[in-house]
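Each remark here refers to the structure printed beneath this line.
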Amino acid sequence: MSVLTTPAGIATGAADALRRRPGADVAGSAFKWLLIGATVFATGFLAVLLAVMIVDGWEVLSGNLWHFLTHGFSQRSAAEAGVWQGILGSLQVALVTGLFAVPTGVATAIYLVEYAQGSRFARIVELNIRNLAGVPSIVYGLLGLAVFVQTIDGFTKGKTVIAGGMTLAAMVLPIVVITSVEALKAVPDSLREAAYGVGATKWEVLSRQVLPAALSTILTGTVLALARALGEAAPLILVGAATGFMSFGDANVFETFTGPYTALPVLIFNFARQPGADWGVNAAAASVIILVLVLAVNGLAIYLRNRFEKQW
Amino acid sequence: MNPEKALMTDESEAPEILAPSEPHTQTRIDVSAVAAMAGQRADTETVFECGDINVYYGDFLALRDVTLDIAAHEVTAFIGPSGCGKTTFLRCFNRMNDLIEGARVDGTIHYHGVNLYQDEVDPVEVRRRVGMVFQKPNPFPKSIYDNIAYGPRLAGVKRSALDDVVEGSLTRAALWDEVKDRLKMSAYGLSGGQQQRLCIARAIAVQPDVVLMDEPCSALDPIATGRIEELIAELKTEYTIIIVTHNMQQAARISDMTAFFSVQANEMGHRTGELVEYAPTSLIFTNPDDPRTEAYITGRVG
């Protein structure tokens, strides 16, 4: 239809030429429906997963939830067993992970973007970090066992919360670095130039303009990385998250960081290994709880992001 | 720019604006008038003396052998086609090119006798004295007040004195009346023209000696442009102003001196800018020495 017409031809044929034609953009509509289909599949898959877990774990979630949340592991029966130690252990591990991964990762990103930008060194480091993000978590477990549990056991005291947290920190570090690098690169140069233009030093430009502008994105990426750490079981099993050992005794909160621990994903793994349907119910219920926990952490990230974005 | 319009304006309007004493019809300036203008200029103090400035981006030469002086309390305009290196040159005056990866400046720029490109010079101190307004308004994502107060705070101005600095700067930038009731609100809520005046206020808040302007009106409508031009005319009494512009009428309206840059491509296709002509604005627009300048300002090229 897009054949060039004379002005006279356009005038006489306008009504006809401008009419909407069915089938004019088949590829466009097909593409749109493909996208809708993919979205439905992705969200539907998650919805089914969540529904199955809730249904499977309903016995515990509906009747026995308080007991389940507040009691420790028990070998005797599924009904007695709870996930209290797992929740606490997961939160402690996540805290240690954050303490190690966030400052290191953000600092690395600042160096790469603001100081070494464009250099061959920075490009090589960045490429390697991107590759590290694809390394399977079990490999980090082996690294943690060799380095954090054995080599520096003077600091970590062996198979402890600290060793577990540091292992997961090594695992999520590439993610923290990459998201922070992207966040810093997204800060427009015009903002940096504006600050330099009124006589700011590099430190002043970074601390008062660039970091605040990138903060919300860095925060989001960091929390997503922590959420991933919360859900990891494999590396933690290697570095000694035991099942059920978490007797506080006289130990205060700080001492528990250098003691034995367990984590929710490890508990789920152990519940699922036990023979008998009632243990399966526990595994499903614990899965729902970890999902809620991850959701809560993400919610916190969104809340913090909105707060920081408004606050300038 | 529409070549016809440029041609028309240059012949019919420019002399009126630039040299009110000259009769309208005169298109050539007699020798004594030139000498008088040159003499006038010799009285003024020199702020910058540039000697053989060459700017490289990596291996390739972006600007070749520029030598010129900038006089105090004048508006100096840099004009020329895209890629001629005028913005590159402007950014030499406050060492903004330091921030560009791979950029290197050879030659000397003496600022009140001090070579800005010697090792002992701190670029941060240079930028406190030589402020800059950018092509696109780039306010900080902060309140109007904090945009202005940012520079003075860094310079150590006391909290108690900040209010006065903010009011004074906004007043001089002809923005105070429009924003005095919403100082705590986001600078992003301002219109484009207001944002650019805010950026000018921010630049003068640190009490610089020189203000560099890189096509400050290119993102603005004619009314906002007019306000900025009025502002430049007022600021000239206190500051030395160097402005890059694509708008030749603008250069003709507001500047005292004009430097015309041109661009040459070598056999590799690399484009290198060079200074063609530097003269009082009235001369450049009425009686340019170089045929390239004449071709450009009359709209035959560019």
Looking at this structure, is A:SER180 more than 23 Å from A:ALA286 (Cα to Cα), part of a helix (DSSP H, G or I) and within 14 Å of chain B (Cβ to nearest Cβ)? no
Given the condition touching a residue at least 40 places away in the same chain (Cβ under 8 Å), farther than 27 Å from A:TYR140 by Cα, surrounded by fewer than 19 Cβ atoms within 10 Å (Cβ to Cβ) and among the charged types (D, E, K, R), answer yes or no: does some residue in the range A:65-83 qualify? no
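Quick grid of which residues meet (1) within 14 Å of chain A (Cβ to nearest Cβ); (2) among the charged types (D, E, K, R); (3) closer than 29 Å to B:CYS84 by Cα:
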| site | (1), (2), (3) |
| --- | --- |
| B:LEU190 | no, no, no |
| B:LEU198 | yes, no, yes |
| B:VAL206 | yes, no, no |
| B:ALA233 | no, no, yes |
| B:HIS246 | no, no, yes |
Matching residues, the range B:197-226, being in contact (Cβ under 8 Å) with a residue 60 or more places away in the chain, surrounded by 23 or more Cβ atoms within 10 Å (Cβ to Cβ) and within 15 Å of B:THR245 (Cα to Cα): B:VAL211, B:LEU212, B:MET213, B:PRO216
Selected residue (criterion: farthest from the other protein chains (Cβ to nearest Cβ)) from residues of the range B:116-129 that are under 23 Å from B:ALA72 (Cβ atoms) and assigned to a loop (DSSP other than H, G, I, E, B): B:GLN118
Residue list for the range A:194-218, filter: part of a helix (DSSP H, G or I) and at the interface with chain B (Cβ under 7 Å from one of its Cβ atoms): A:ALA194, A:TYR196, A:GLY197, A:GLU204, A:GLN209, A:ALA213
Inside the range A:154-175, can you point out the residues that are within 14 Å of A:VAL96 (Cβ to Cβ), among the hydrophobic types (A, V, I, L, M, F, W, C) and either within 14 Å of chain B (Cβ to nearest Cβ) or crowded, with 18+ Cβ neighbours inside 10 Å (or both)? A:VAL161, A:ILE162, A:ALA163, A:MET166, A:LEU168, A:ALA169, A:ALA170, A:MET171, A:VAL172, A:LEU173
Tally, over the range A:255-272, of residues that are over 12 Å from A:ILE87 (Cβ atoms) and assigned to a loop (DSSP other than H, G, I, E, B): 4
Does A:LEU191 meet the test of being under 30 Å from the mean Cα position of the chain (by Cα) and facing another protein chain (nearest Cβ under 7 Å)? yes
Among the helices (runs of 4 or more DSSP H) contained in the range A:60-153, which hold 1 or more residues that are within 14 Å of chain B (Cβ to nearest Cβ) and within 26 Å of the chain's Cα centre (by Cα)? A:120-132
Of the numbered conditions (1) farther than 29 Å from B:ALA224 by Cα; (2) at pLDDT below 90, B:GLY83 fails exactly one; give the number of that condition. (1)
From B:ARG172, B:ARG159, residue being closer than 25 Å to A:LEU215 by Cβ and more than 14 Å from chain A (Cβ to nearest Cβ): B:ARG159
Expected output for the range A:96-115 (first residue farther than 15 Å from A:GLU182 by Cβ, partner not in a helix (DSSP H, G or I), Cβ below 9 Å, 6+ apart or cross-chain) is A:VAL96/A:PHE257
By residue number, the members of the range B:175-198 that are closer than 19 Å to B:PHE134 by Cβ and of a type in the set (A, V, I, L, M) are B:LEU175, B:ALA187, B:LEU190, B:LEU198
Tell me which residues, restricted to the range A:273-312, are touching a residue at least 60 places away in the same chain (Cβ under 8 Å), within 14 Å of chain B (Cβ to nearest Cβ) and outside any helix (DSSP H, G or I). A:TRP312
Looking at this structure, is B:LEU220 outside any helix (DSSP H, G or I) and at pLDDT 95 or above? no
Taking the range B:130-149 on its own, how many of its residues are in contact with an Asp or Glu (Cβ under 8 Å, 6 or more places away or on another chain), surrounded by fewer than 22 Cβ atoms within 10 Å (Cβ to Cβ) and more than 8 Å from chain A (Cβ to nearest Cβ)? 1
Answer yes if at least one residue in the range B:83-97 is of a type in the set (D, E, K, R), in contact with a helix residue (DSSP H, G or I) (Cβ under 8 Å, 6 or more places away or on another chain) and within 14 Å of chain A (Cβ to nearest Cβ), and no otherwise. yes
Against the conditions (1) surrounded by fewer than 22 Cβ atoms within 10 Å (Cβ to Cβ); (2) of a type outside the set (Phe, Trp, Tyr); (3) within 14 Å of another protein chain (Cβ to nearest Cβ), where does B:GLU229 fall short? Just the number, please. (3)
Could you tell me whether B:SER186 is in contact (Cβ under 8 Å) with a residue 12 or more places away in the chain, out of contact with any Gly (no Cβ under 9 Å at 6 or more places or on another chain), surrounded by fewer than 18 Cβ atoms within 10 Å (Cβ to Cβ) and at the interface with chain A (Cβ under 10 Å from one of its Cβ atoms)? yes
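The values are calculated or read from the model by the stated rules, or taken from the named source; none is laboratory data. A quick note: this is a predicted structure, and the numbers were derived from the prediction, not measured. Glycine gets a Cβ as well: all are built from the backbone with ideal geometry, and neighbour counts include every protein chain shown.
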